[in-house]
Amino acid sequence: MALLIRNGYVYDPMNGIDGEKMDILVEGGKIVDKLKSAEYEVIDASGMIVMPGGVDIHSHIAGSEVNAGRLLRPEDHAKDVELKTEITRSGVGYSVPSTFTTGYRYAKMGYTTVMNPSMPPLEAKHTHEELCDTPIIDKATYPLLGDWWFVLEYLRDGKIEECALHVAWMLYATKGYAIKIVNPGGLEAWGFGRNVRDIDDPVPYFNVTPREIIRGLCKVNKLLHLPHTIHVHTNNLGKPGNYETTLQTMKCVEDLSSGDKPCIHITHCQFSAFKGVDWREFYSGAEDIAKYVNFHKHVTMDMGQVIFTDTTTMTADGPFQYILHELTGNKWVNHDVETETSSGIVPFRYRRRSYVHSIQWCIGLELALLIRNPWRIFLTTDHPNAGPFTSYPQVIGWLISRKAREETLSKLNKRARETALLPSIDREYSLYEVAIATRAGQARALGLKDKGHLGVGGDADIAIYDVDPRKIGPSTQYDEYVKAFSKAAYTIKEGEIVVRNGEVVKVLDGKTYWVKVSSNSEYEVSEDMKRRFTEYWTVQFDNYPVSEAYLKRSKPVQVESEV
Amino acid sequence: MRKIENVICPVCGSLCDDITVYVEDNRVVEVENTCAVGRAKFLNYGLHRKPKPLIRKNGELKEASIEEAVRRSAEILTESKYPILYGWSSTSCEAIRVGLELAEEVGGIIDNTSTVCHGPSILSIQDVGIPSCTLGQLRHRADLVIYWGSDPYSAHPRHIERYTVFSEGRFQKSGWRSFIRRLSGKLVKKRLSRVAELILRRKLTFPEEKYALPPYFISEEERKLVVVDVRKTRTAEVADYFLQVKPNTDYEVLQALRMLVNDQDLEVDEVAGIPVKTLEDLADLMISCDLGILFFGVGLTMSKGKLRNVDAALSLVRDLNKRTKFLIMPMRGHYNVTGANVVFTWQTGYPYAVDFSLGYPRYNPGETSVVDILRRGECDAGLVIASDPVSNFPASAAKTLVDNPLIVIDPDVTPTSMMADVVFPSAYIGIEAEGTAYRMDHVPLRLKKVVEPPPNCLPDQEILARILREVRRIRRG
């Protein structure tokens, strides 16, 4: 299918295009500079914004943790249903939507690539089965490796290269994309109901510290030349005063970065930017974190922006989720995975009246506004932990308009309103910066070369929003932008129009990206590991890996490693 | 003769994946590592099968082609106003996915065997949540294992040796040694008392306290196995401690334990006939373990109180987490009932009893659950796959099922298939066809194909896909 998108205002930060009126040509699923075919469809994008399709670096959409959340919340589903149509399957929303609904709703917002951040390796088949039932969007998923016994043992013994070989095998066996680390060491301690106190607190029975785990996996990541950096959910997440742990986490790999390339991604940083000592003496640590990020080039992060709504928290951070259950008294699901990781799910409501929640709301936006380089901080809500992904347009509204922020601030807890830093921040994101925060920056951080831009050769994943940037001022008429970003005029995936005017008009299967490491030595698992395999897991080695048959459209990304 | 290793047994929720199968002339001739139940399935599958599709004509089931059977099935489903699609627990996830699409297409009810088994557990989990894990966590860490209202020795024979007390873990040794020691100790005691009787020339009696916990419990470092049930089951015979509860009193006992764990005083001397002293000892045992696990079965879900019993058990374990690490897990029966719940949930948001009649998924067990719909006589057609409701449902429900047009997809001849209007003999998943299944602890495994099925026996997934295609064709044309 060939397309000519005419006269739109194009925002393509990777190619330096800032609202220029230009045409975009699409053929064979790619952006081209000339159309070969005589027949093509014309999309009149006059008075509209044209951006690359949205890229989401961190959103819990598939796998055992997410599905446990779905099971736990029939009351959440009953209020938000999707009817079956001629071309779409029925489903349910709100905070933990069913799989078909997830794909459709992302596409309706103009998003075309979503990363599922938490995959317990033993249950990888489950994640991939669900991703296959998530239509339209391209996807990938990150295996949880920060508490994997083999990682703990190799890093304790200083065997970085051995560790790298086994991580490469694990990425292959789980069809994973990046190394995910959650509360390193804490999840293994949670196996017996404990946690780790800070990054130098040794993991019980394993005699290795979170610092060593983070540094070790950072080195592994470099040896393997993985497209993304290590993706880290810090220790002490959700604990007042934890901004110090976050600073230490970023500092501990400072010496491992090369040049300007980032070597660590701190995810949903809002939850890790708490200052103070308890829930009463509680402040934003965003300024300190932003200061560090502004002077160091090796860190990227995503916001984890709070939305005031009833949502569902779900992370691999078992001990933290238990604390949340104790705090709220809400129902609690826990699922520890042998040899590897854990997870917990607790429903949670963010309230405007609450001082703490109001400060949390400020923290996410302060991070985005105080970090000067938009290529370092990305828009997420850690869906569904801080809010459902369908709230992204609302977050865009807060970023582009001080007035929007003031309106929300006026309804917040009084003490928060009067003491927070956010009200005094003037900065407003330009649409160019929005394009970075929601597409270009995320794609670049992920190392997805064909995504997040509209240059020739890129994937034809395009979003067109019906709002005229020359006529409608983002700062004052932000609600026009929120509306436009909620309901794409057109979403194009691989050159096919999948959404028109906020409705799905065509359904196709997206690709699943995963990393295939080719190494100098055999990364075939050693006989020793195979033997220990049966001691460590309750499944046989042969039954563990995910075959490519589980991926509807497998898209391996080849990398050359140094080991 | 071919030897195939790492085969996964398609019988119970343990989903043992270390089976070795020997195949000769397209038939399984020998297996290793299975329990007796697994062995029976691998060696005897299909012995009574009728490998041709059947359609009822003039009151009698007659052989037919697959195409005819598909067409007749599609006609039944499209002509029906409120069909039910039931079963799903002994087939693959791939088949279940097609089944959900079919149910949505015909606007029917889709329900799986949880509705008569662990449905109450699911309802309680949706209220309370559940602190759980994968089975390997228990092999490595659990030093206190409780089976409540569940008899793994009979229903999940390899459970104890693969996952709990008789397995060897990183932090816990197998309890096998202490079990042998105790057995020898019992034998020695028996012999000594026999000798003493001969010498003293009279019968000896040892005052036994019915409910007392064994004295070695507090000092014993090794794994402990506790069984709670209404009768002394085979599992209870190998347990370190067996607590006999009166039928239909589990709720009171669980709540009493909860009170003790939460440091509340019990103002009575006994609960459901059990002395409070025993309950206090049991509570101490639970609090002082390193990691405890409570497995529960239909003894809780289908006795008086049903989901309230499970609620109490879940709440007890949740409360225990204030003091130590404690987990809980339902003992799932069919090898893929967990998979049925998992697939239903990711596609519709709900784990069983899903109603598509309004064009979107609705969930209200009691209203949308199959047994209730059948008893109220509300449905007018049925598709039953991988289960046998005529044998297992209440008579009034089974009656509605057979009084209406009925399609059955099953590898075997069953009472349900004998009453059907269309019968598809299907391939055995895990033996004649591949497929994904989920273990009771949610670990997904890919079941293997080790032999070829007979020519007219297709995998469930394929049969359902053909019916769906035909349904769509009828609707369009």
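The values are calculated or read from the model by the stated rules, or taken from the named source; none is laboratory data. All values derive from a computational prediction rather than experimental measurement. For neighbour counting, all protein chains shown are included, and Cβ atoms are generated from backbone atoms with ideal geometry for every residue, glycine included. Areas reflect the complete protein model, heavy atoms only, side chains present, ligands, DNA and RNA absent. Shrake-Rupley method; radii C 1.70, N 1.55, O 1.52, S 1.80 Å.
Results, tabulated for the structure shown:
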{"quantity": "With all protein chains modelled, accessible area of B:E378 [1.4 Å, Å²]", "calculated": "80 Å²"}
{"quantity": "The protein assembly as shown, Cα convex hull volume normalised per residue, Å³", "calculated": "189 Å³"}
{"quantity": "Two-site FRET efficiency, B:D127 against A:D33, from Cβ-Cβ distance with R₀ of 60 Å, rounded to 0.05", "calculated": "0.50"}
{"quantity": "Environment charge at B:E367 (Cβ cut-off 13 Å; Lys +1, Arg +1, Asp -1, Glu -1)", "calculated": "-1"}
{"quantity": "Taking all pairs of distinct alpha-carbon atoms in chain A, Kirkwood radius in angstrom", "calculated": "23.6 Å"}
{"quantity": "The range A:151-430, Rg to Rh (Cα coordinates; Rh as Kirkwood inverse mean 1/r)", "calculated": "0.96"}
{"quantity": "Distance in nm between pseudo-label sites at A:V277 and B:R2 (7 Å out along the Cβ direction from Cα)", "calculated": "7.1 nm"}
{"quantity": "Calculated [θ] (222 nm, deg cm²/dmol) that DSSP helices of n ≥ 4 give over chain B, each run adding -39,500 (n - 2.57)", "calculated": "-11500 deg cm²/dmol"}
{"quantity": "A:G19 long-range amide H proximity, modeled H, under 5 Å", "calculated": "A:V10, A:Y11, A:D12"}
{"quantity": "Under-5 Å amide H pairs with A:W514, H placed in peptide plane, nonlocal only", "calculated": "A:K555, A:V557"}
{"quantity": "DSSP H segments from chain A that extend 20 Å or more along their own axis, Cα-based, with Kyte-Doolittle mean of 1.0 or above", "calculated": "A:355-370"}
{"quantity": "Between the range A:269-285 and the range B:26-53, the alpha-carbon center distance in angstrom", "calculated": "61 Å"}
{"quantity": "Gain in span if fully extended, B:K57 to B:I180, counting 0.36 nm per residue against the direct Cα distance", "calculated": "38.1 nm"}
{"quantity": "Per-peptide average of other Cβ atoms within 10 Å, ordering A:314-322, A:448-456, A:32-40 highest first", "calculated": "A:314-322, A:448-456, A:32-40"}
{"quantity": "Shielding by partners - mean other protein chain Cβ count within 10 Å, residues of A:335-346", "calculated": "5"}
{"quantity": "Inter-centroid distance (Cα atoms) of the range A:175-217 relative to the range B:166-244, Å", "calculated": "40 Å"}
{"quantity": "Using θ = phi - 60° and Karplus 6.51 cos²θ - 1.76 cosθ + 1.60, couplings along the range B:155-168 (whole Hz; Gly, Pro as x)", "calculated": "9, 9, x, 8, 4, 5, 7, 8, 10, 10, 5, 9, 10, 9"}
{"quantity": "Accessible-area ranking of A:S258, B:S14, largest first, probe 1.4 Å", "calculated": "A:S258, B:S14"}
{"quantity": "Amide proton proximity set for A:D317, modelled H, under 5 Å, gap of 5+", "calculated": "A:G344"}
{"quantity": "Solvent accessible area, Å² - A:R352, 1.4 Å probe, full protein context", "calculated": "100 Å²"}
{"quantity": "Approximate spin-label separation B:S193-A:R194, in nm, with each point projected 7 Å along Cα-to-Cβ", "calculated": "4.3 nm"}
{"quantity": "Accessible-area order (highest first, 1.4 angstrom probe) of the listed residues B:V451, B:V116", "calculated": "B:V116, B:V451"}
{"quantity": "³J(HN,Hα) computed for each position of the range B:353-365 - Karplus, 6.51 cos²θ - 1.76 cosθ + 1.60, integer Hz, glycine/proline x", "calculated": "6, 9, 10, 9, 5, 9, x, 8, x, 10, 9, 7, x"}
{"quantity": "Per-residue mean of C-beta atoms belonging to partner chains within 10 Å, peptide A:541-547", "calculated": "4"}
{"quantity": "In order through the range A:455-460: 3J(HN,Hα) via Karplus (6.51 cos²θ - 1.76 cosθ + 1.60), integer Hz, x for Gly, Pro", "calculated": "x, 4, x, x, 5, 7"}
{"quantity": "Protection proxy ranking, peptides A:236-245, A:210-219, average beta carbon neighbours within 10 Å, highest first", "calculated": "A:210-219, A:236-245"}
{"quantity": "Point-to-point label distance, A:D255-A:D80, nm (Cα→Cβ direction, 7 Å offset)", "calculated": "4.7 nm"}
{"quantity": "Cα radius of gyration and Dmax for the range B:393-477 (Å)", "calculated": "15.7, 45"}
{"quantity": "Highest to lowest packing among A:404-410, B:225-231, scored as the average C-beta count within 10 Å", "calculated": "B:225-231, A:404-410"}
{"quantity": "Paramagnetic reach from B:R376 in the range B:383-416 [backbone N under 20 Å; point 7 Å along Cα→Cβ]", "calculated": "B:383, B:393-405"}
{"quantity": "Largest to smallest principal axis extent of the C-alpha atoms in chain B, angstrom", "calculated": "87, 56, 43"}
